[in-house]
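Presented below is the structure to which this report refers.
The values are calculated or read from the model by the stated rules, or taken from the named source; none is laboratory data. Fair warning: this is a prediction, and the values are worked out from it, not measured in the lab. All Cβ positions, even for glycine, are placed from backbone atoms using ideal geometry, and neighbour counts span all protein chains on display.
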Amino acid sequence: MAYEHKGIEKKWRERWKDRGTYRVENDTSKPKYYVLDMFPYPSGAGLHVGHPLGYIASDIVARYKRHSGYNVLHPMGYDSFGLPAEQYAIQTGQHPAKTTEVNIARYREQLDNIGFSFDWSREVRTSNPDYYKWTQWIFLQLFESWYDARQDKARPIAELIARFEERGCMGQDATILTGDVEEFVGEFSAAEWKAFEERTKQMVLQHFRLAYLSDAWVNWCPALGTVLANDEVKDGVSERGGHPVERKRMPQWSMRITAYAQRLLDGLDALDWSTSMKEAQRNWIGRSEGASVRFEIKSDLTPSPSPGERGTIPGDNRFRESANSFIWSKLIVRAKDMRHNPTEAEDRLWQVIRGNATGGRIRRQHIIDTFIVDFVSLPKQLVIEVDGDIHDLQKDEDALRTLRLGEEGFKVIRFRNEEVLSDPQEVKRKIIEELDARPDFNKDDVELSDKEHSSPLPGRGAGGEVIEVFTTRPDTLFGVTFITLAPEHVLVGKYTTDDRRAEVEAYVKTASNRSERERQAEVDKVSGVFTGSYAKHPFTGADIPVWVGDYVLAGYGTGAVMAVPGGDQRDWRFAKHFDLPIIAVTEGADIEQGADESKDATICSEGFLKGLKVPDAVRRAIQELEKLNAGEGRINFRLRDAAFGRQRYWGEPIPIYYKDDIPYPLPESELPLVLPEVDKFLPTEDGEPPLARAKDWSYNGHPLETTTMPGWAGSSWYFLRYMDPKNEGRFASPEAINYWQQIDLYMGGAEHATGHLLYFRFWTKFLHDRGYLPFDEPAKKLVNQGMIQGVSAKVWSVYGASYEGDVEVFPSLYISTRAYYSMANAADYGLVQKIFAELNHGFTSEVTDISVARSYADVRFVGLKDDLDMESFKLDKERIGSEKNVRFITEEDGTFLCIREVEKMSKSKYNVVNPDDIISKYGADTLRLYEMFLGPLEQSKPWDTNGIEGTSRFLKKFWNLFHSSDASAPPESSGNTAVPSTLRVDTPHVTNDAPTKPELKILHATLKKVTEDIEKMSFNTSVSQFMIAVNELAALKCHKRDVLEPLTVALAPFAPHIAEELWSKLGHTDSVTVAKWPQWDAQYLVEDNFSYPISFNGKTRMQLEFPIALSKEEVEALVLANPEVQQRLEGKAPKKVIVVPKRIVNIVV
RNA sequence: ACGGACGUGGCGGAAUUGGUAGACGCGCUGGACUUAGGAUCCAGUACUGCAAGGUGUGGGGGUUCGAGUCCCCCCGUCCGUACCA
């Protein structure tokens, strides 16, 4: 009976399914082991041979652990929400749920073919409402939580409210230090809190919630019509699809992952993850220690108004910030108070200009910057002030106010009380005149609801007349010669002097119009502009010019830097370019050549830092800054809060509704908020996300949120659902969570380093904080499988164009590699002529426009010797397309040779190898073994289908150990005699004879190696060991049960089908998957003798065998007594003899 | 530029962690059995040399009785981040 993989594998897959072999119970009597593969996204392309690599490795571990007595959780499911399905839906009109379903079915079929031990009864899909109900529930928990920096954990928002009611928000409370969102919401007392209106309270709370709505700079991808998270953008284009991405400011749901920055960093230390993976996370979090330094702006400089610049955001003018967030929450209270108690003149004027009386909406008692103005037209940016009786007393203050409003882009006109009271209509006429004279700054603004705000939330503002910078080198403060602001910095407009305004505006405009990609491409170009303003050096009081430059990033730190050209190369380049002064900050620095960035230097600046080493100088500088209240030590993170909303259809709806524009959580009883049906998967005409198309997308008459969650939402907690996948009352029961705990082995690609794995850890920590999990890291051990690359085949192709009548046709000619090179190298004219002849073959008109290129041939048509199957190639519609009259120039022997190249396996490179094809030819067990045999799991390596023969042969040999080759001949005599396989009659043949010592040695050496190798995930070497064992046992003609049975169990994790078959043939009725793992015994490995390599000066010259029991001295004596050794020594005495027992003998001469 | 990983036959890769470099497999060479061979089996296969021998783990230096392995410098490849102050 020959080894027939097809029948065997099919039979066992069916039995496993019927018997529920891989069903896992939450059986707490056994120790648990949790093996998880990263959630696959079921794409339409299906699996290629690279995908199952990690699954096979984790399956081996899962099976091995099961043999070793563990209750193993090894589930699989689908991350089934996502962009590709939706893009496909937009193109074809098919519902993404439908295409996703089809893709999943295809995935499942392919996975089943490989014989994985997944417990499919636990399958989860993120797009299933039973699942995303809990994703939404977790979102609500995040919404209802804040981060308490003192306790360093998330707490319910109700506890924050209780605190506000009791103590208000004073002093330290008001500062939330979370890296990115370092916001000062203003102080308020308990009484003030209680007096706040509902919307004010809600706005304040938004600053604390872990899931929050705010204006944020986002990565907007116009082609995909959605916002992307930082990790979804690579090189300025979207990771999926490669579309350009631009920076845009818009209201946005975000996750306050920055609150966890320090813990995400610290947690890495205890994890058994690869160093590169941890490093990637550390870099992404980007912690840097330094100082925050405040530079006062010289107040004698008088900036003047600039209409139209300040306050508007390029590209989006609906959500302008005009209020200063610094004291916004206080001002709003006062504004309301004033609105209720107007002066007589204010009231009279209001009556004539309210509503649409002036042709546009006028607001009263509106907050702009830090002021409450009497009346304002926001679209026209015109402020109307009515001066009361006290005006004369505060002329100076009003002048300042006019000035400041001017900086904000507002024109201020004033009327005296008397004017208004005597002739309000005349005042109105003047107002209309002014309004008409001004351009419309903000067309959309008039459509804003009748709410007293111009921004959904108070935004981030620096406040005061200072520029705040972050620096890691406060020790270089004496070397500051200028300050550079990012072009997007809010203070740019404010501190630009009149004479510089045109230039600065032009620069800012150019800078902001550039895409991320362009900006990154021009990194080495220095550009910038002087604002005209000066700041004051906190130590020396010197004038520090304020510049704008795009080498400063708006998103990092405060978006402003103190430039130290003597100590920072970027500043140095900027200074050189604009001829700004450069001061040496460190001893021995050559500031003509460049900045000295070394951190073990000595500071040379005059003053208190002189002579200090950098670390000491840093400490001292911070102390001095703190004394002057001009700065303090600070830790800064590169990590940003994560954009959470997607303007897309195919994702989890965010369970939020809006009452008076304020977001409120949907009650838990309303979950799941099911994804509604829509007529089209496109944005609405006015740019609303697709969910806005849904009928009745509201809750109790209140509109529901229309953005959906990003792909990473569902995958941030799925490992918990597998523990208890059917639970309807909770995301997973505490019992299940307590039993299964963390993932013991998490297997997946390294590309998730900064996306999924960070969010995954973040949500786990959050759920831990809120008491739902006993652990705060999801995966103890992480292994990244390497990529399997494709080996592409390329052909030299000559294309031309020709006409058949009026029809343009494209004949093409392919030239075999060697022929091509002989032509190219030797200028073989005959061949050139041949090319033209071939190209013109069969065409009436001359072929023109000839071009030569290397193009792809599908690897399926390329043979062992890189030879192309020309007929199949010609018929390849997908590849050849409309080419007419395809011809070849071959080698002299008639073959056609391709060029081979290792690159990424992908459809577009025609080098995809489908596992299904491999399985039908060689079987799943061979595929599994070969994928493991290719090389170390974590390393990238090219796929070479030719090599698979070796593992296939191994399985045949293994099979043959259980069979005799010929029923008529005893195994002993049939050994080395070759018998044609077609004539071969194999019969089961296993004896119960006692194994010999060499046989036991092979067995136990194999068990030892394989066991140890699985533990350290070195699967390629364990496959080698199996091969060695089979070769040696075959040589010994061993057919003994006591040897073969343990080997079968050991092989089962790698090749489960053949192992099951042989196991049952050995007479077992239970599955091999539950057989006890065979233990190796050291006593069988002990040797009596050891063949010592005898080396002279480290070079091995001969072998001498001695009993192991001999001591060092005895070995040395025997070696020196050996005649051959004596001959080599030529009578001289050796200087030294080193004997390492059971290792080596080295003679030094 | 910075951070990480790595560099061994024609190819994928081994090497007990400082102790016989090239296990195992592919490919190749020769042979056996064959109508046939892209089946099976046997032998060989780092380079060089007829041989004895010599040389060899990207290059150079060092530590050591002994280095693919440890240290220093340089070169190259891959991955990540990318003006992060």
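With the structure loaded, tell me whether residue A:69 is under 20 Å from residue A:1019 (Cα atoms), surrounded by fewer than 24 Cβ atoms within 10 Å (Cβ to Cβ) and at pLDDT 90 or above or whether it fails that test.
So residue A:69 fails the test.
Considering only region A:181-294, give the strands (runs of 3 or more DSSP E) lying wholly within it that have at least 1 residues that are in contact with a Pro (Cβ under 6 Å, 6 or more places away or on another chain) and over 30 Å from residue A:939 (Cβ atoms).
A:211-221, A:246-255
How many residues does region A:1065-1079 hold that are in a helix (DSSP H, G or I) and touching an Asp or Glu at 6+ places or on another chain (Cβ under 9 Å)?
Summing the residues that are in a helix (DSSP H, G or I) and touching an Asp or Glu at 6+ places or on another chain (Cβ under 9 Å) in region A:1065-1079 gives 2.
For region A:907-943, give me the residue count where each residue is of a type outside the set (A, V, I, L, M, F, W, C), touching a Leu at 6+ places or on another chain (Cβ under 8 Å) and within 13 Å of RNA strand B (Cβ to nearest atom).
Count: 3.
State all residues of region A:735-781 that are free of Cβ contacts under 8 Å to residues at least 24 places away in the same chain and in a helix (DSSP H, G or I); if no residue qualifies, say none.
A:751, A:768
If the Cβ limit is 9 Å and pairs must be 6+ apart or interchain, which residue in region A:1127-1149 that is within 14 Å of residue A:1114 (Cα to Cα) and outside any strand (DSSP E or B) pairs with which residue that is of a type outside the set (Gly, Ala, Ser) and near RNA strand B (Cβ under 10 Å from one of its atoms)?
Cβ pairs passing all conditions: A:1141/A:1090; A:1142/A:1090; A:1142/A:1092.
Rundown of residues vs (1) outside any loop (DSSP other than H, G, I, E, B); (2) closer than 26 Å to residue A:727 by Cα, yes/no style:
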site	(1), (2)
A:69	no, no
A:107	yes, yes
A:118	no, yes
A:121	yes, yes
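Just to check your reading of the model, which residue among A:269, A:231, A:215 is of a type outside the set (Ser, Thr, Tyr) and without any contact (Cβ under 8 Å) to a residue 60 or more places away in the chain?
A:269
Pick from region A:1097-1149 the residues that are among the basic types (Lys, Arg) and under 25 Å from residue A:1085 (Cα atoms): which of them is nearest to the chain's Cα centre (by Cα)?
So, considering only residues that are among the basic types (Lys, Arg) and under 25 Å from residue A:1085 (Cα atoms), the one nearest to the chain's Cα centre (by Cα) is A:1143.
Can you pull out every residue in region A:94-105 that is in contact (Cβ under 8 Å) with a residue 24 or more places away in the chain and either outside any helix (DSSP H, G or I) or of a type in the set (S, T, N, Q) (or both)?
Within region A:94-105, A:99, A:100, A:103 meet the criteria.
If you go through region A:548-587, how many residues are within 40 Å of the chain's Cα centre (by Cα), among the hydrophobic types (A, V, I, L, M, F, W, C) and closer than 21 Å to residue A:291 by Cα?
Here the count works out to 10.
Which members of region A:123-162 meet the condition of being at pLDDT below 95 and either assigned to a loop (DSSP other than H, G, I, E, B) or in contact with a Cys (Cβ under 8 Å, 6 or more places away or on another chain) (or both)?
Scanning region A:123-162 gives A:149, A:150, A:151, A:152.
Tell me, which helices (runs of 4 or more DSSP H) wholly within region A:467-579 include 3 or more residues that are more than 12 Å from RNA strand B (Cβ to nearest atom)?
A:491-494, A:498-513, A:569-578
Based on this model, can you work out whether residue A:790 counts as within 16 Å of residue A:137 (Cβ to Cβ) and touching a Lys or Arg at 6+ places or on another chain (Cβ under 9 Å)?
When the stated conditions are applied, residue A:790 does not pass them.
Kindly provide the set of residues from region A:1080-1124 that are in a loop (DSSP other than H, G, I, E, B), within 15 Å of RNA strand B (Cβ to nearest atom) and among the hydrophobic types (A, V, I, L, M, F, W, C), ordered by number.
Passing the criteria: A:1080, A:1086, A:1108.
If the Cβ limit is 8 Å and pairs must be 6+ apart or interchain, which residue in region A:236-249 that is closer than 11 Å to residue A:223 by Cα and free of Cβ contacts under 8 Å to residues at least 24 places away in the same chain pairs with which residue that is of a type outside the set (A, V, I, L, M) and part of a loop (DSSP other than H, G, I, E, B)?
Correct list of pairs: A:243/A:222.
Where residues in region A:635-680 are acidic (Asp, Glu) and in a loop (DSSP other than H, G, I, E, B), which of them is farthest from residue A:158 (Cα to Cα)?
A:679
Cβ contacts < 9 Å: first residue more than 19 Å from residue A:906 (Cβ to Cβ) and β-branched (Val, Ile, Thr), restricted to region A:939-951; second residue near RNA strand B (Cβ under 6 Å from one of its atoms) and part of a helix (DSSP H, G or I), any location; separation 6+ or different chain. Result?
Listed by first residue and then by second, the contacts come to A:951/A:1027.
So which of A:892, A:883, A:901 ends up being at pLDDT below 90, of a type in the set (Asp, Glu), over 24 Å from residue A:955 (Cβ atoms) and within 14 Å of RNA strand B (Cβ to nearest atom)?
A:901
Can we say residue A:1066 is of a type in the set (A, V, I, L, M, F, W, C) and modelled with pLDDT of 95 or more?
No: the conditions fail for residue A:1066.
Scan region A:1136-1149 for residues that are surrounded by fewer than 12 Cβ atoms within 10 Å (Cβ to Cβ) and near RNA strand B (Cβ under 8 Å from one of its atoms) and jot them down.
Across region A:1136-1149, the qualifying residues are A:1136, A:1140, A:1143.
Residues A:282, A:256, A:318: which one is away from RNA strand B (no atom under 16 Å from the Cβ), touching a helix residue (DSSP H, G or I) at 6+ places or on another chain (Cβ under 9 Å) and modelled with pLDDT of 85 or more?
Within the list A:282, A:256, A:318, the selection yields A:256.
Every residue in region A:1067-1081 that is out of contact with any helix residue (DSSP H, G or I) (no Cβ under 6 Å at 6 or more places or on another chain), surrounded by fewer than 15 Cβ atoms within 10 Å (Cβ to Cβ) and touching a residue at least 60 places away in the same chain (Cβ under 8 Å), please.
If the condition is that a residue be out of contact with any helix residue (DSSP H, G or I) (no Cβ under 6 Å at 6 or more places or on another chain), surrounded by fewer than 15 Cβ atoms within 10 Å (Cβ to Cβ) and touching a residue at least 60 places away in the same chain (Cβ under 8 Å), then A:1074, A:1076, A:1079 are the ones that fit.
Before we move on, is residue A:683 part of a loop (DSSP other than H, G, I, E, B), farther than 17 Å from residue A:136 by Cβ and in contact with a Gly (Cβ under 9 Å, 6 or more places away or on another chain)?
Answer is yes for this residue.
Among the residues of region A:1049-1056, is any within 17 Å of residue A:988 (Cβ to Cβ) and either of a type in the set (Gly, Ala, Ser) or touching a helix residue (DSSP H, G or I) at 6+ places or on another chain (Cβ under 6 Å) (or both)?
no
Contact list please: Cβ distance under 7 Å, first residue in region A:713-728 and touching a residue at least 60 places away in the same chain (Cβ under 8 Å), second residue charged (D, E, K, R) and outside any loop (DSSP other than H, G, I, E, B), pairs at least six apart or on different chains.
Between residues of region A:713-728 that are touching a residue at least 60 places away in the same chain (Cβ under 8 Å) and residues that are charged (D, E, K, R) and outside any loop (DSSP other than H, G, I, E, B), the close pairs are A:722/A:122; A:725/A:122.
Tell me, please, whether a residue that is of a type in the set (Gly, Ala, Ser), touching a residue at least 12 places away in the same chain (Cβ under 8 Å) and under 15 Å from residue A:475 (Cα atoms) can be found in region A:637-658.
no
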